[in-house]
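Contents: one structure, followed by commentary.
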Amino acid sequence: MKSIKNILGIIVVCILLTGCEKETPQKVVEKTVLKANLLTVNYGIGYFKQLKELQKNEYLKYYDNDGEEYSATYSQYLHRVTIPNLERSLRDIQKLEVNEDSKDLINASIELFEFCIDFYKKDYAEIAYMYDEGKTQQEINQLIKEFKLRSFEEFKEKNLELEEAAKKYAEKKGVNLKFV
């Protein structure tokens, strides 16, 4: 009986130790920086070009809660796929352990994701609706231009803050990181 208690005690300790395992510096960079690269690639017209390509190849789809696949409009894809994926990435970043070394990097990444999720929910939703309604490319481009005028400087600033924090963190932790 005593040996069973000892074995159970060892198992509990092992579970606790593996459950409390910290993220490696490489994983911190992946979650904070590499996922943020998608925000840069999809800024402005880039996101809608991607949707257009998905639609052309009949891959613009979403899955409901039962796993059923449906063709999506731009708005449906934005709200059922893109925004939930961004929010999931943000939650992953928010779960990272903040310490003296990682604080600036994690905070910069959170700020960038929150900023971007906000404009995906507002500005991108309006643009997606215009595509769904069959508005002219000229009308859509005008709205995208107005959006970029309102948001580009802040977007660029938040990206720069993330890049600087990432460089410092990567250098301090010995993580190979290059920005192009």
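The values are calculated or read from the model by the stated rules, or taken from the named source; none is laboratory data. These numbers come from a predicted model, not from an experiment. Counting neighbours? That spans all protein chains shown, and the Cβs are built from the backbone with ideal geometry, glycine included.
Assorted remarks:
- Selected residue (only one of E68, E23, E30 is within 30 Å of N99 (Cα to Cα), at pLDDT 90 or above and either aromatic (F, W, Y) or out of contact with any Leu (no Cβ under 9 Å at 6 or more places or on another chain) (or both)): E30
- Here the helices (runs of 4 or more DSSP H) wholly within region 14-106 that include at least 1 residues being touching a strand residue (DSSP E or B) at 6+ places or on another chain (Cβ under 9 Å) and among the hydroxyl-bearing types (S, T, Y) are 74-77.
- Filtering Y77, Y59, Y63 for residues that are crowded, with 19+ Cβ neighbours inside 10 Å, out of contact with any Lys or Arg (no Cβ under 7 Å at 6 or more places or on another chain) and under 30 Å from Y129 (Cα atoms) leaves a single hit, Y77.
- Pairs linking a residue in region 157-169 that is within 21 Å of T24 (Cβ to Cβ) to a residue that is hydrophobic (A, V, I, L, M, F, W, C) and outside any helix (DSSP H, G or I), with Cβ atoms under 9 Å and 6 or more positions apart or on different chains, are E163/F179; A166/V175; A166/L177; A166/F179; K167/L177; K167/F179; Y169/V175; Y169/L177.
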